[in-house]
Amino acid sequence: MPVTVELTISEHVDSENMSIPDKQSFQLWAESACPVEDDMIASLQIVDRDEMQTLNKKYRDKDAPTNVLSFPMQLPEEVGVKLLGDLALCVDVIHEEAKQQGKPLRAHWAHMVVHGMLHLQGYDHIEDTDAGVMEAMEIDILKKLDFENPYLVH
């Protein structure tokens, strides 16, 4: 398994009452978005609205929660551990967006993991051409996972 997902659910998240996918799903989605030969580790942290807003303010200077934040890791080769990076996923925002956009919750979770994993590999959507490349990759990966195009308007 080239990409190993380390999943943590924040103590502030009511995981009993929130519909959060299982670790195997996160693992599958992360692997699908990161076809690497070497063993890599990606950390996924499920956070609540307040935690995400704090992270977004601190690292992006945006005082609002968001769906996913990516923190790529670039360690020197001599360290010997290949950490791809960290993803913070906001359960509250992901659930709200899925409802607002009329998307199946599981499909939106998968999209956010794929989207974040691509960011960890250096893809971004700042420029329109880069956004087009990244979106096409997301659509292709999600299609292979049997999910609809996440950019279709419902």
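The values are calculated or read from the model by the stated rules, or taken from the named source; none is laboratory data. Just so we're clear, the structure is a prediction, and the values are computed from it rather than from any experiment. Neighbour counts run over all protein chains shown; Cβ positions are idealised from the backbone, glycine included.
Pick from region 98-154 the residues that are among the charged types (D, E, K, R) and under 22 Å from residue 7 (Cα atoms): which of them is surrounded by the fewest Cβ atoms within 10 Å (Cβ to Cβ)?
The extreme case among them is 106.
If I filter region 41-51 down to residues being within 25 Å of residue 75 (Cβ to Cβ) and touching an Asp or Glu at 6+ places or on another chain (Cβ under 8 Å), which single residue comes out as surrounded by the most Cβ atoms within 10 Å (Cβ to Cβ)?
The selected residue is 42.
If you scan region 106-137, which residues turn out to be modelled with pLDDT under 95 and either of a type in the set (D, E, K, R) or over 19 Å from residue 35 (Cβ atoms) (or both)?
124, 125, 126, 127, 128, 129, 130, 131, 132, 135
May I ask you to list the residues in region 48-96 that are in contact with a helix residue (DSSP H, G or I) (Cβ under 7 Å, 6 or more places away or on another chain), hydrophobic (A, V, I, L, M, F, W, C) and in contact (Cβ under 8 Å) with a residue 12 or more places away in the chain?
Within region 48-96, 52, 68, 69, 84, 87, 88, 89, 90, 93, 94 qualify.
Does region 69-97 hold any residues that are of a type in the set (Gly, Ala, Ser) and crowded, with 17+ Cβ neighbours inside 10 Å, and which are they?
So in region 69-97, the residues of a type in the set (Gly, Ala, Ser) come out as 70, 80, 85, 88.
If the condition is that a residue be of a type in the set (Gly, Ala, Ser) and crowded, with 17+ Cβ neighbours inside 10 Å, then 70, 85, 88 are the ones that fit.
If I go through region 117-137 residue by residue, how many of them are assigned to a loop (DSSP other than H, G, I, E, B) and closer than 18 Å to residue 84 by Cα?
Residues meeting the conditions: 4.
Which of the residues belonging to region 138-154 are more than 14 Å from the chain's Cα centre (by Cα) and assigned to a helix (DSSP H, G or I)?
Answer for region 138-154, where residues must be more than 14 Å from the chain's Cα centre (by Cα) and assigned to a helix (DSSP H, G or I): 139, 140, 143, 144.
For residue 33, are the conditions met, namely being closer than 16 Å to residue 108 by Cα, within 17 Å of the chain's Cα centre (by Cα) and small (Gly, Ala, Ser)?
It is true that residue 33 is closer than 16 Å to residue 108 by Cα, within 17 Å of the chain's Cα centre (by Cα) and small (Gly, Ala, Ser).
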